[in-house]
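Q: My structure is below; once you've seen it, I'll send some questions.
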Amino acid sequence: MIVVIDYKAGNLYNVGNALKYLKAEFTVSGDPAVVSQADRVILPGVGSARAAMESLTEQGLVEVLQGLRVPFLGICLGLQLLFEVSDEDNTPCLGLLPGTVRRFNSSQVKVPHIGWNQVSGVAGQGSKRSERTIAPAVPQPSSKLFEGIPAESFFYFLHSYFAPVESPFTLGKTDYGDWFGSVVARENFYGVQFHPERSGEIGLKMLQNFLEVQSS
Amino acid sequence: MLAKRIIPCLDVAGGRVVKGVHFVDLKDAGDPVELGGRYYREGADELVFLDITATVEERKTVVDWVKRVADSIFIPFTVGGGISTVAQVYDLLRAGADKVSINSAAVKNPELLGEASRAFGSQCIVLAVDAKWTGAGWKVFVSGGRIETARDALEWIRQGEELGVGEILLTSMDSDGTQEGYDLKLLGAVTASIRIPVIASGGAGSPEHLLEALRVGADAVLAASIFHYDRYSIAQVKDYLAENSIPVRRN
């Protein structure tokens, strides 16, 4: 069973709608016993990092999530929570990926980043930091999530904080004033900064791809 | 690159889509789910539904049609009209709205914007402002544009930004319904004074008007009549904008 994590913060409805459309069976739950039995987990993006981590902690979900061996997808804030810490209220997060989530600089770009933007791949996986940031974009992240999705497709973004691009676990990047990490993966943990459930047919295709990722 | 957004707007009364010309003289144009779905399939980047229902009784139907819209379209949509409490915002977000726009109630109680932004995040709170030129600056109008307030529109918008809203939906009362183009002076003044995205509204009659508004600095353009009556398709408008070097989403 797919479990969509309920952390009492609002709009889980649309992830559920997209799963229904894809005819996937799922349940919405914040119960550690249910989550630990899941064969696939989605952590949707809602609200602030601080409120989300407090809620996950209260519900006893932090260690359950950290210990998951099944395919996991973090959406928007759900991606940000994978990192060590978020600058949003200086919040310690799940620590599954190294690095810090930062806020866009409003003297450079409008904040929040709202709208449809493109995702490119990151060249030279495993190369040094400096090479990764200056390397030219490759058309598509090398991830199962992007199979069958045309290069340079647009996805819907809605966020004020962003993940680092210079990380060995960043597979996709997006340009908003500067590059930020928009697709991350480490073993069974995947994260996307955009909202696949609000990104039209292309987003639904990406969600379907996640539903087909095999357990490692 | 971040695309400029094309947003069809649907005015809803009693659960049916209507479109006002200068906010009166309504014409029935159909079912919100049907029309919303059509725009979704045609390539709209986002949808805005403004509930212009007058009575409390009829407004209870909003959550129902918002749920039905959320069931069938997979692009973001905003719901506005008559929202005056944090509880109403919660109900609409819970029903599947991605964003909620607040207008008159915020003018009476600005702190509503702060409360809603803190509770649900800036990204889902839109401040809708109806502005009209009065000879000495633009004033804020409320109650569907019927009542003038003492507030200066530019100051009010800056205050909204400080209170934490994520976006401004800016309607010019002077140009709304004219189909002669957006109020570019107002739009330019607003985009120059804030650092959050602005959706231009009021006056779109042709693709050229959308282009002008985007060149003046709008992040998104709202339009109703030009789409509702099949004068232009969304694809035609996007083709035109792309030919003029405006980044638009084509997938």
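The values are calculated or read from the model by the stated rules, or taken from the named source; none is laboratory data. Since we're looking at a predicted model, the values are computed, not measured. Positions of Cβ are generated from backbone atoms using ideal geometry, with glycine treated the same way; all protein chains shown enter the neighbour counts.
Q: Wholly within region B:141-211, which strands (runs of 3 or more DSSP E) include no fewer than the required count, namely at least 2 residues that are β-branched (Val, Ile, Thr) and more than 25 Å from B:Gln123 (Cβ to Cβ)? Walk me through it before giving the result.
A: Working: elements: B:147-152, B:167-172, B:198-201.
Fully inside region B:141-211 and qualifying: B:147-152.
Q: Can you confirm whether region B:224-239 contains a residue that is in contact with a Lys or Arg (Cβ under 7 Å, 6 or more places away or on another chain), farther than 12 Å from B:Lys4 by Cβ, away from chain A (no Cβ under 14 Å) and not polar (S, T, N, Q)?
A: Scanning region B:224-239 turns up at least one residue that is in contact with a Lys or Arg (Cβ under 7 Å, 6 or more places away or on another chain), farther than 12 Å from B:Lys4 by Cβ, away from chain A (no Cβ under 14 Å) and not polar (S, T, N, Q).
Q: Within region B:53-91, track down each residue that is in contact with a Leu (Cβ under 8 Å, 6 or more places away or on another chain), closer than 13 Å to B:Ala13 by Cβ and part of a loop (DSSP other than H, G, I, E, B).
A: B:Gly81, the sole residue that qualifies.
Q: Can you name the number of the only condition in (1) modelled with pLDDT of 95 or more; (2) acidic (Asp, Glu); (3) over 28 Å from B:Leu2 (Cβ atoms) that B:Asp45 fails?
A: So B:Asp45 meets the others, but not (3).
Q: Moving on to the next point. Please find, among B:Arg231, B:Arg250, B:Arg215, the residue that is surrounded by fewer than 23 Cβ atoms within 10 Å (Cβ to Cβ) and assigned to a helix (DSSP H, G or I). Quick ask: steps written out before the conclusion?
A: On the way: B:Arg231 fails: assigned to a helix (DSSP H, G or I); B:Arg250 fails: assigned to a helix (DSSP H, G or I).
Among B:Arg231, B:Arg250, B:Arg215, only B:Arg215 is surrounded by fewer than 23 Cβ atoms within 10 Å (Cβ to Cβ) and assigned to a helix (DSSP H, G or I).
Q: Output the helices (runs of 4 or more DSSP H) that fall wholly within region A:13-101 and possess 3 or more residues being at pLDDT below 95, or say none.
A: By residue number, A:13-21, A:49-58.
Q: Under 7 Å between Cβ atoms, which residue pairs at least 6 apart in sequence (or on different chains) link something in region B:118-132 that is more than 9 Å from chain A (Cβ to nearest Cβ) with a partner that is surrounded by fewer than 23 Cβ atoms within 10 Å (Cβ to Cβ) and in a helix (DSSP H, G or I)?
A: Pairs found: B:Ile125/B:Ser117; B:Val129/B:Trp156.
Q: Same structure, new question: Can you confirm whether B:Ser201 is within 22 Å of B:Glu42 (Cα to Cα), touching a Leu at 6+ places or on another chain (Cβ under 7 Å) and of a type in the set (Ser, Thr, Tyr)?
A: For B:Ser201, the condition - within 22 Å of B:Glu42 (Cα to Cα), touching a Leu at 6+ places or on another chain (Cβ under 7 Å) and of a type in the set (Ser, Thr, Tyr) - is met.
Q: Which residue out of A:Ser29, A:Ser48, A:Ser36, A:Ser86 is crowded, with 17+ Cβ neighbours inside 10 Å and more than 18 Å from the chain's Cα centre (by Cα)?
A: A:Ser29
Q: Go through region A:24-53 residue by residue and tally those that are farther than 25 Å from A:Glu187 by Cα and more than 14 Å from every other protein chain (Cβ to nearest Cβ).
A: Looking only at that region, the number is 0.
Q: If A:Glu54 meets every condition in (1) more than 21 Å from A:Ser160 (Cα to Cα); (2) over 18 Å from the mean Cα position of the chain (by Cα) apart from one, which number is that one?
A: With (1) more than 21 Å from A:Ser160 (Cα to Cα); (2) over 18 Å from the mean Cα position of the chain (by Cα) applied to A:Glu54, the lone miss is (1).
Q: Before we move on, is B:Phe23 modelled with pLDDT of 75 or more, away from chain A (no Cβ under 14 Å) and either within 16 Å of the chain's Cα centre (by Cα) or under 13 Å from B:Phe77 (Cα atoms) (or both)?
A: Taking the combined requirement at face value, the residue does not satisfy it.
Q: Among A:Leu94, A:Leu79, which is the only one that is surrounded by 23 or more Cβ atoms within 10 Å (Cβ to Cβ) and more than 14 Å from chain B (Cβ to nearest Cβ)?
A: Going through A:Leu94, A:Leu79 in turn, the sole match is A:Leu79.
Q: Another question, if that's okay. Among the numbered criteria (1) without any contact (Cβ under 8 Å) to a residue 12 or more places away in the chain; (2) touching a Lys or Arg at 6+ places or on another chain (Cβ under 6 Å), which one does B:Pro197 miss?
A: (1)
Q: Here's a check for you: in region A:182-216, which residue that is in contact (Cβ under 8 Å) with a residue 60 or more places away in the chain and in a strand (DSSP E or B) is farthest from A:Pro44 (Cα to Cα)?
A: Checking each candidate, the answer is A:Arg186.
Q: In region B:92-104, what residues are part of a helix (DSSP H, G or I), facing another protein chain (nearest Cβ under 8 Å) and of a type outside the set (A, V, I, L, M, F, W, C)?
A: B:Arg94
Q: When you look at B:Asp152, is it free of Cβ contacts under 8 Å to residues at least 40 places away in the same chain, surrounded by fewer than 18 Cβ atoms within 10 Å (Cβ to Cβ), within 14 Å of chain A (Cβ to nearest Cβ) and not aromatic (Phe, Trp, Tyr), yes or no? Break it down stepwise before answering.
A: Values: free of Cβ contacts under 8 Å to residues at least 40 places away in the same chain: yes; surrounded by fewer than 18 Cβ atoms within 10 Å (Cβ to Cβ): yes; within 14 Å of chain A (Cβ to nearest Cβ): no; not aromatic (Phe, Trp, Tyr): yes.
Judged against the criteria, B:Asp152 is not a match.
Q: Since B:Ala136 meets every condition but one in (1) without any contact (Cβ under 8 Å) to a residue 12 or more places away in the chain; (2) within 15 Å of the chain's Cα centre (by Cα), which condition does it not meet?
A: (2)
Q: Filter region A:163-216 down to residues that are under 15 Å from A:Ser143 (Cβ atoms) and acidic (Asp, Glu) and give me whichever is nearest to the other protein chains (Cβ to nearest Cβ).
A: Filtering first and then ranking leaves A:Glu212.
Q: So which residues in region B:126-143 are crowded, with 18+ Cβ neighbours inside 10 Å and either more than 25 Å from B:Pro76 (Cβ to Cβ) or modelled with pLDDT under 95 (or both)?
A: B:Lys132, B:Trp138, B:Lys139, B:Val140, B:Phe141, B:Val142
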